[in-house]
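Student: Please read through the structure below; I'll follow up with questions.
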Amino acid sequence: MQGLYAYFQSEHTDLKKAEKDLLSSFQNIELLYLWLLSLLCEIRQQAQKTIEDAKNKKLPTQKDLNPNLKFVNNRFLRALDENKAIHSVIENRKINWQNDLDLIHKIFIDIKNSQIYTDYMSNIESGLDSDKKFISMLVHEIIAEHELIQHFFEDKNVHWTDDFFVAITGLHKSIDLFQGSSIELIPLYRDEREDIDFCVRLFEQCIRNDAMLQEMISAKTVNWEVERIAQMDVLLMKMALTEILFFENIPVKVALNEYIDISKEYSTPKSKVFINGVLDKIVLELKNTNKILKTGRGLKEN
């Protein structure tokens, strides 16, 4: 969606370059995921530094000398921080927090002041499930919602505002799959070749058939001034129609529901009803003229 929007808004119409930029944007989601893993490592290291600084005070308290090590010994955090393979990947992708240690410090202070941290540190329960549950809550309630973290990544890449929660989902999957030893890096693609082929094909077909798709939409919005229809609504309808017309193995209902859901996040409050109404009319006409060809079990009726 972002790639198509940029393409249609741009004066440049180099399709191959646009496809290259599209695939590059996917790789940036993987990079963001690695940044988040690295962030957890940095937070643990900040916790260790805080403990050491307290011990080395001129007049350390008994609490300073005998700190609660539950956070730094959290099984997931420790395994992540000590994983040489992951650190090698992070280093190769040039991920480095050295110029942003003040940010790490602020984030750790916010974590320490949170109720989930207090509850975790005071809970006598100890085990892998407890550690994973805490990290999941930490990611969900603090990391994912922290304005400073969101601003940091937005400054690095304007598209990461939308990609942030995709990367957060990957982080949660890494936590869920952790069984106490190695941490599994979540692959960007379920099936790389199949996923890339799908994305490029959707991208190309939407562009190559733009005039036809526009005509179909215009025919069902004759009472609307073009300027009054949100550009994002038109784009989402074009993408939905592309899947309906050119992707034989995607059920019509699936395509409709997907794009209506996307409109809730990216377009106007009334877009859901508008897009649904227009697409329903177009799909009915396409069915009546036998222009929707679906193959595979259970798809022909859709």
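The values are calculated or read from the model by the stated rules, or taken from the named source; none is laboratory data. As the structure is a computational prediction, the values presented were derived from the model and not from experiment. Backbone-built Cβ (ideal geometry, glycine too); neighbour counts: all protein chains shown. Only protein heavy atoms, including side chains, enter the accessible area calculation; ligands, DNA and RNA are left aside. Shrake-Rupley method; radii C 1.70, N 1.55, O 1.52, S 1.80 Å.
Student: Roll a 1.4 Å probe over the protein chains and send me the accessible area per residue for the stretch 116-221 in Å².
Tutor: 57
Student: May I pose another question? Using θ = phi - 60° and the Karplus relation 6.51 cos²θ - 1.76 cosθ + 1.60, list the HN-Hα couplings for the stretch 73-87 in order, rounded to whole Hz, with x at every Gly or Pro.
Tutor: In residue order, the calculated couplings are 9, 3, 4, 5, 4, 5, 5, 5, 5, 9, 7, 5, 5, 5, 5 Hz.
Student: Still on this structure, please answer the following. For the stretch 137-144, just list the computed ³J(HN,Hα) in residue order, Karplus coefficients 6.51, -1.76 and 1.60, θ = phi - 60°, integers in Hz, with x standing in for Gly and Pro.
Tutor: Once θ is set to phi - 60°, the couplings for the stretch 137-144 become 5, 4, 5, 5, 8, 10, 4, 5 Hz.
Student: Additional query: Expressed in whole Å with the largest first, what are the equivalent ellipsoid semi-axes of the stretch 180-275 derived from the C-alpha gyration tensor as the square root of 5 times each eigenvalue?
Tutor: In descending order, the three semi-axes are 31, 17, 11 Å.
Student: Largest first, please: the extent of the C-alpha atoms of the stretch 73-218 along each principal axis, to the nearest Å.
Tutor: For the stretch 73-218, the Cα extents along the three principal axes come out at 65, 30, 30 Å.
Student: Can you compute the helix-only [θ] at 222 nm over the chain? Use -39500 (n - 2.57) per DSSP H run of at least 4 residues, normalise by all residues, nearest 500 deg cm²/dmol.
Tutor: Working: 15 runs with 204 residues, N = 302.
Rounded to the nearest 500, the figure is -21500 deg cm²/dmol.
Student: What whole-number value in Å² describes the accessible area per residue of the stretch 1-112 for a 1.4 Å probe?
Tutor: Values: 6570 Å² over 112 residues.
Solvent-accessible surface per residue comes out at 59 Å².
Student: To continue, here is another question. Among residues other than K132 whose Cβ falls under 11 Å from its Cβ, what is the net charge (Lys/Arg +1, Asp/Glu -1)? Can you show the working numbers first?
Tutor: Details: positive: R75, K133; negative: D129, D131, D176.
Within the 11 Å Cβ shell, the charges total -1.
Student: Within the accessible area of the stretch 111-183, what % is carbon and sulfur when the probe is 1.4 Å and the other protein chains stay in place?
Tutor: For the stretch 111-183, the apolar C and S fraction of the accessible surface comes to 50 percent.
Student: Next up: Beta carbons within 10 angstrom, averaged per residue: use that to sort the peptides 195-203, 121-129, highest first. Working shown, then result.
Tutor: Values: 195-203: 15.2, 121-129: 10.3.
The packing order, highest mean first, is 195-203, 121-129.
Student: Residue by residue, what Karplus-based ³J(HN,Hα) values in Hz, rounded to whole numbers, does the stretch 97-106 have, using 6.51, -1.76 and 1.60 with θ = phi - 60° and x for Gly and Pro?
Tutor: Coupling constants for the stretch 97-106: 9, 4, 8, 10, 5, 5, 5, 4, 4, 4 Hz.
Student: For Cα pairs less than 8 Å apart in space and 6+ apart in sequence, what is the mean separation divided by the residue count of the chain, i.e. the relative contact order in percent?
Tutor: 19
Student: Quick one: angle between helix 160-177 and the longest Cα principal axis of the chain, in degrees between 0 and 90, rounded to 10, please.
Tutor: 60
Student: What fraction of the Cα pairs in the stretch 2-136, stated in percent, has a spacing above 19 angstrom?
Tutor: In whole percent, the long-distance tail amounts to 63.
Student: Of the accessible area of the stretch 47-88, with the probe set at 1.4 angstrom, what percent is carbon plus sulfur?
Tutor: Carbon and sulfur: 53 percent of the exposed surface of the stretch 47-88.
Student: Sticking with this one: Please list, ordered by chain and number, the residues whose modelled amide H lies under 5 Å from the amide H of S182; skip anything fewer than 5 residues away on the same chain.
Tutor: none
Student: For the stretch 9-81, what is the convex hull volume of its Cα atoms per residue in Å³? If you can, show how the numbers build up before the last one.
Tutor: Values: hull volume 9.6 nm³, N = 73.
Looking at the stretch 9-81, the number lands at 131 Å³ per residue.
Student: Also, quick follow-up: If you average 1/r across every pair of different Cα atoms in the stretch 89-167 and take the reciprocal, what Kirkwood value do you get, in Å? Walk me through the numbers on the way to the answer.
Tutor: Numbers: mean 1/r = 0.0698 Å⁻¹.
After inverting the mean inverse Cα-Cα distance, the result is 14.3 Å.
Student: Multiplying the sequence separation of S88 and S10 by 0.36 nm and subtracting their Cα-Cα distance, what value in nm do you get? If you can, show how the numbers build up before the last one.
Tutor: Details: separation 78, 0.36 × 78 = 28.08 nm, distance 3.78 nm.
Working it through step by step, the gained length comes to 24.3 nm.
Student: Here are some pairs, K58/K133; K84/K173; K94/K133; K238/K272; which of them have Cα atoms lying more than 25 Å apart in this structure?
Tutor: In this structure, K58/K133; K94/K133 lie more than 25 Å apart at Cα.
Student: Within straight cross-link reach of K294, meaning Cα distance under 14 Å, which aspartates and glutamates are found once same-chain residues fewer than 8 apart are removed?
Tutor: E243, E248
Student: Once each part is reduced to its C-alpha centroid, what is the distance from the stretch 211-281 to the stretch 164-204 in angstrom?
Tutor: So the separation of the two Cα centres works out to 27 Å.
Student: Using only alpha carbon positions, build the gyration tensor of the chain, then give the equivalent ellipsoid semi-axes as the square roots of 5 times its eigenvalues, largest first, whole angstrom.
Tutor: Over the Cα atoms of the chain, the semi-axes work out to 48, 19, 18 Å.
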